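Chemist: Please read through the structure below; I'll follow up with questions.
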Amino acid sequence: MRVLEIENVTKHYRKKAALAGVSIELDEGYVMGIVGPNGAGKTTLLKAILNLVRIDSGRISLFGTRHIDAERATRDRIGFVHEESYLYEPINLGDLERICRAAYTQWNRQSFRNYVDRFELPPKRRIKEYSKGMKMRLSVAVALSHEAELIVMDEPSSGLDPLVRRELIDVIGEELARENRTFLIATHITSDLDRIADYVVVLDGGQVRLSVTRDEMADNYALCKGGTEVLARDTNGCFRGVSRNEFGFTALTSERQEVAKRFGDEVVMERATIEDLMVHTLARTGESPRRDGLQIVARDTGTPEGASDGDGGVQ
Amino acid sequence: MKALLLKEILVQKPSVILGAFYSLIFFALLGLARDIENPAMIYALSGIGVGWMITLGSIGGDRGNTHRFTLSLPITRAQAVNGKFLLAVLSTVYGTACAAFFGGVLAIPAIGFVSRGINGLDLLRITAGMLILTGMLPFYFRFGHMMIRYFLFTLVGLGIVAQVAGMIALTLSSRGGRSISFFDWLFGLFRNSDPIHTNLVLVAIGAGICAIAYLASMLIYTRRDL
């Protein structure tokens, strides 16, 4: 089932484009990571999904329904974790649960209690007395305790210590084991996504610069290192985001086999991380990265492996 | 709507309890006081004050952009607007009930508590005051709770300026040389007219302002980026 469909969405703040023709599709049961630098449009995109921000043009569909229609019903199926805590700070956890219980049709008290225990959240203390990590964990507990089918997280691990971040990733991993959970996570801490993302979208300047599946990354992408003399030859556009230093160059390739065939041992290839993907796709120094205005696709083809074939999955 | 009202009550629990407690004390003390020139008017104004204390408390409780969390729950923007206006109505009812009970019903001469003779017209005045003050809610929905503070400060400031300027102007224009308060002059206009007519006109003005405020709030909040 298609959980989220974003078609050519644009949003301007005054004259500046925050989103410039973004298209994304996400099917049930997958994790999509949206990465990009600060100001790339990640938060605006997530807010647009929840209609906290009104889009100028395009269309957003949630569970097959336009996001501004049946708003209440669709929000009931979404768990949203904001970048910052916007929780009601004067109250305690028990009062917050009462409000959520009244708001959601499928509030799961047992699930919430389990998360509260697991996250060691003090039930009697007012939320304003919680640390930043506690507030984030509470937000996650709320988002995961009402049988949400789509969980949207905006920088969930920003400002958290490594232990809490790891715990958060573990929780997401466990939730993924449940059949109908779909995650959309925007972050600039790309290492969080390395373990869990089925799809990665690189967003910059309000545009999708690149989109890949996890298996595409493993099969086709690599971080290449070699002497600068290699660059003097015809590289046939194999490298993107080339950075040079006194020892040689580093670049990203999406044509692993071609590079191996063409350059052999002259170029050393390593597994590319999501950070490599982002840094070299958005590189603003060295050779210009290939800006091909790709649009993301996460098609329901049974497994993420088949979601796209080379650039075939790109609109 | 249930979740919204529950949120208002729980978030404001301390201020609602304190507000209710202090308002009871305040009304009771007024009941004991004597030699008040216009007790019914004071009760009416106090009723408005109590009602607005709760509404403003609710607006203040939304600091920290909590409306973003509210709107990530299954609550629409229209419901959020309805919730705030409903709260204003409920707090008016509470303020009016306090005023009616202490000013009109409760009279225990044994302990010196006398009825202040609150009547239907005074209750109409409370309603009018509450309705007129809902005029500030569109500012809240457009600019947030901080703007309401500035709005109130500005309102109070303008009131003081009007009072002083009015006193000067009216004193200079009065041949007898007696200082006249601007608000005395303003209330004097009502004093000389038919009270039923005056209060009904005030309620009608209030209802008009409230209706415009509601429509404006709805228009603003359903279009605003959060």
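Chemist: I'm trying to understand the selection: among the residues of the range B:7-62, which are within 11 Å of chain A (Cβ to nearest Cβ) and modelled with pLDDT of 75 or more?
Modeler: Result: B:7, B:8, B:9, B:10, B:11, B:12, B:13, B:57.
Chemist: Quickly run through the range B:64-80 and pick out the residues that are facing another protein chain (nearest Cβ under 7 Å) and within 11 Å of residue B:221 (Cβ to Cβ).
Modeler: Correct list: B:71, B:76.
Chemist: Among the residues of the range A:63-78, write down those that are of a type in the set (Val, Ile, Thr), within 11 Å of chain B (Cβ to nearest Cβ) and more than 21 Å from the chain's Cα centre (by Cα).
Modeler: The answer is A:68, and nothing else.
Chemist: Looking only at the range A:172-182, decide whether some residue is in contact with a helix residue (DSSP H, G or I) (Cβ under 7 Å, 6 or more places away or on another chain), surrounded by 18 or more Cβ atoms within 10 Å (Cβ to Cβ) and under 26 Å from residue A:41 (Cβ atoms).
Modeler: Scanning the range A:172-182, I find at least one residue that is in contact with a helix residue (DSSP H, G or I) (Cβ under 7 Å, 6 or more places away or on another chain), surrounded by 18 or more Cβ atoms within 10 Å (Cβ to Cβ) and under 26 Å from residue A:41 (Cβ atoms), so the answer is yes.
Chemist: Right, another one. Of all residues in the range A:218-269 being free of Cβ contacts under 8 Å to residues at least 24 places away in the same chain and on the phi > 0 side of the Ramachandran plot, which is nearest to the chain's Cα centre (by Cα)?
Modeler: My answer is A:248.
Chemist: Name the pairs: first residue in the range B:80-98 and polar (S, T, N, Q), second residue not in a helix (DSSP H, G or I), Cβ to Cβ under 7 Å, at least 6 apart or on different chains?
Modeler: Within 7 Å, the pairs are B:82/B:1.
Chemist: Please name all residue pairs, on different chains or six or more residues apart, with Cβ atoms under 6 Å, provided the first residue is in the range A:79-90 and is within 7 Å of chain B (Cβ to nearest Cβ) and the second residue is crowded, with 20+ Cβ neighbours inside 10 Å and of a type outside the set (Val, Ile, Thr).
Modeler: Within 6 Å, the pairs are A:80/A:50; A:80/B:72; A:82/A:154; A:86/B:69; A:87/B:69.
Chemist: Next up: So which of A:111, A:145, A:139 is in contact with a helix residue (DSSP H, G or I) (Cβ under 9 Å, 6 or more places away or on another chain) and at the interface with chain B (Cβ under 9 Å from one of its Cβ atoms)?
Modeler: A:139
Chemist: Hey, could you check the range B:60-90 for residues that are in a helix (DSSP H, G or I) and basic (Lys, Arg) and say which is nearest to residue A:52 (Cα to Cα)? Spell out how you get there, then give the answer.
Modeler: Kept after step one, since they are in a helix (DSSP H, G or I), are these residues of the range B:60-90: B:60, B:66-70, B:77-90.
Pick out the ones that are also basic (Lys, Arg) and you get B:68, B:77, B:84.
Details: B:68: 7, B:77: 9, B:84: 18 Å.
Within the range B:60-90, the match that is nearest to residue A:52 (Cα to Cα) is B:68.
Chemist: Looking only at the range A:115-167, count every residue that is modelled with pLDDT under 90 and acidic (Asp, Glu) and tell me the total.
Modeler: Qualifying residue count, the range A:115-167: 5.
The values are calculated or read from the model by the stated rules, or taken from the named source; none is laboratory data. Keep in mind it's a predicted model, so treat the numbers as computed, not measured. Because the Cβ atoms are built from the backbone with ideal geometry, glycine has one as well, and the counts that use them run over all protein chains shown.
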